[in-house]
1. Give the residue that is nearest to the chain's Cα centre (by Cα), with candidates limited to residues of the stretch 81-105 that are under 30 Å from residue 64 (Cβ atoms) and in a loop (DSSP other than H, G, I, E, B).
2. Suppose we keep only residues that are surrounded by 11 or more Cβ atoms within 10 Å (Cβ to Cβ) and not in a helix (DSSP H, G or I) within the stretch 52-80. Which one would you say is modelled with the highest pLDDT?
3. What residue, of 48, 37, 43, is surrounded by 11 or more Cβ atoms within 10 Å (Cβ to Cβ), touching a residue at least 40 places away in the same chain (Cβ under 8 Å) and part of a helix (DSSP H, G or I)?
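The values are calculated or read from the model by the stated rules, or taken from the named source; none is laboratory data. Please read these numbers as outputs of a predicted model, since none were measured by experiment. Neighbour counts are summed over all protein chains in view; Cβ atoms, including those assigned to glycine, are modelled from backbone coordinates with ideal geometry.
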């Protein structure tokens, strides 16, 4: 998709498709499981539209990241793909740093917050980030010195310890088959858990 508006329209169109299918299923007196499936899909697309198609779209969509990179006059590789770093900071800030200045969970005065941010919280965050960066560099240095290939070890551990139920590989024939299935309508199917196929 070439624009953010196209993504938003596609999300809304998908919601409308499931609304039509829900109405048809109601008219056909389908089971509550089928109705629940369609209702869940509609709620999911409403959630996508209200949360992820707002300002967050600049972070997760390729088009949005390109636009953000253009606005910031930087490379697209400098635009984060998630807001996990912000969520992590928010959680750490609330659970670790700010609690030290609260009394019994009460709110902190603005002047106390400013002083604690300037003299304690920010320096500690910078110190922690610098230590983490030095640790990562040292770890990488040791791995390269001893010839450790982490990706190979990880892949081997995953294959050994986890049974694979789903996979993703670029395959045009499978993509086209999936599009045909989606365009022909959603059907509930049951599969054997040990067959190796998800249906």
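1. 82
2. Looking at residues that are surrounded by 11 or more Cβ atoms within 10 Å (Cβ to Cβ) and not in a helix (DSSP H, G or I), I get 74.
3. Values: 48 fails: touching a residue at least 40 places away in the same chain (Cβ under 8 Å); 43 fails: touching a residue at least 40 places away in the same chain (Cβ under 8 Å).
Testing whether each residue is surrounded by 11 or more Cβ atoms within 10 Å (Cβ to Cβ), touching a residue at least 40 places away in the same chain (Cβ under 8 Å) and part of a helix (DSSP H, G or I) leaves just 37.
This table checks each residue for (1) loosely packed, with under 10 Cβ neighbours inside 10 Å; (2) at pLDDT 80 or above.
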residue: 89; (1), (2): no, no
residue: 108; (1), (2): no, yes
residue: 132; (1), (2): no, yes
residue: 139; (1), (2): no, yes
residue: 158; (1), (2): no, no
residue: 168; (1), (2): yes, no
residue: 183; (1), (2): yes, no
